[in-house]
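One structure is given below, encoded as structure tokens.
The values are calculated or read from the model by the stated rules, or taken from the named source; none is laboratory data. Small disclaimer: the values here were computed from a predicted structure and weren't measured. Here the Cβ positions follow ideal geometry from the backbone for every residue, glycine too, while neighbour counts run over all protein chains shown.
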Amino acid sequence: MLTSQRALFIYYKLDPAHTKGFKVAAQQMQLQLVQAHPGLIARLWERGDAADLEQTWMESYEHPLGIDNGLAEQIDQSMQSLPSGRTGPRHLEMFVSVQEGADQCA
């Protein structure tokens, strides 16, 4: 169960011509992060209504103890090394759950 600790969301635009290679590299990097930080949950998202000119992608990171500033910086630095293909900057956002427990609405 995840508590109401901070979670990290990072979103950016990608050139559709680079998405396949970017996806493989991003998933590999997220696997390395998960292995290095037991309990870390990493996900890679693509906006479903993406236009042909560019696509919006998002990484999300959660941990039962929350994502502190140090871990957020490690994640960001690791993911900065991904191959090119972004058409703009990476945007980092931290969110806190408003639910008392993640399983209360299930």
statement: Those residues of segment 57-77 which are among the hydrophobic types (A, V, I, L, M, F, W, C) and within 30 Å of P16 (Cβ to Cβ) amount to W57, M58, I67, A72, I75
statement: If we ask which residues in segment 85-97 are out of contact with any helix residue (DSSP H, G or I) (no Cβ under 7 Å at 6 or more places or on another chain) and not in a strand (DSSP E or B), their number turns out to be 5
field: Leading residue by the ranking (modelled with the lowest pLDDT) among those in segment 16-60 that are within 13 Å of the chain's Cα centre (by Cα) and among the acidic types (D, E)
entry: E46
